[in-house]
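Report on the structure given below.
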Amino acid sequence: MSNLEMKLTQSVEVGGVPAKSPIPYVIAIDTDGNPISGGGSGGGGGLTDAQLRASPVPVVPSLAQSGNIELAVTANTPVAFGAQAIKQITIANVSNDLGWVIQGGKRFPLFPMAYFSFFGVTNANQLQVELPADGTVYGHWEA
């Protein structure tokens, strides 16, 4: 058993009797293999409960707006979504045909009865959709 394995498994006694199976735990070690003290009771390095309560960190969603877009697609003709400032969009292909999403001249497959999310898009009109038959694709955007 290596030193690391020994540090990851510890046998304990319950009421003076050795436990039948080792109890696994994780401990952080430095480059020399010495344990590093962590936060929590008795350890250093972390914020105490009182410190956390005194200066709470607000959680603010970065995506505060959202909406839906329907796009009517003509067979074998790339069609762009309308102008809409976004940060991400999920596009659903509800047809039984393989479609394509085109971004910057690159084509990405949009599988039948499936959806795909695009992140880091600044405007919905940067994306075009192409289907082999007339149909509708749906998008859900967030900004």
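What pairs come out if I take residues in region 107-126 that are under 17 Å from Val79 (Cβ atoms) and pair them with residues that are part of a strand (DSSP E or B) and open to solvent by 80 Å² or more (accessible area, probe 1.4 Å) whose C-beta lies under 8 Å away, six or more apart or interchain?
Phe108/Phe116; Leu110/Phe116
Given the structure, is Val129 in contact with an Asp or Glu (Cβ under 9 Å, 6 or more places away or on another chain), among the hydrophobic types (A, V, I, L, M, F, W, C) and more than 19 Å from Gln65 (Cβ to Cβ)?
On the way: in contact with an Asp or Glu (Cβ under 9 Å, 6 or more places away or on another chain): no; among the hydrophobic types (A, V, I, L, M, F, W, C): yes; more than 19 Å from Gln65 (Cβ to Cβ): yes.
For Val129, the condition - in contact with an Asp or Glu (Cβ under 9 Å, 6 or more places away or on another chain), among the hydrophobic types (A, V, I, L, M, F, W, C) and more than 19 Å from Gln65 (Cβ to Cβ) - is not met.
So which residues in region 93-126 are closer than 19 Å to Ser66 by Cβ and open to solvent by 30 Å² or more (accessible area, probe 1.4 Å)?
Tyr115, Phe116, Ser117, Phe119, Gly120, Thr122, Asn123, Asn125, Gln126
The values are calculated or read from the model by the stated rules, or taken from the named source; none is laboratory data. In this text, all values refer to a predicted model and were calculated from it rather than measured experimentally. When we count neighbours, we look across all protein chains shown, and the Cβ atoms used for this are built from the backbone with ideal geometry, even at glycine. For accessibility, only protein heavy atoms count, side chains too; no ligands or nucleic acids. Shrake-Rupley method; radii C 1.70, N 1.55, O 1.52, S 1.80 Å.
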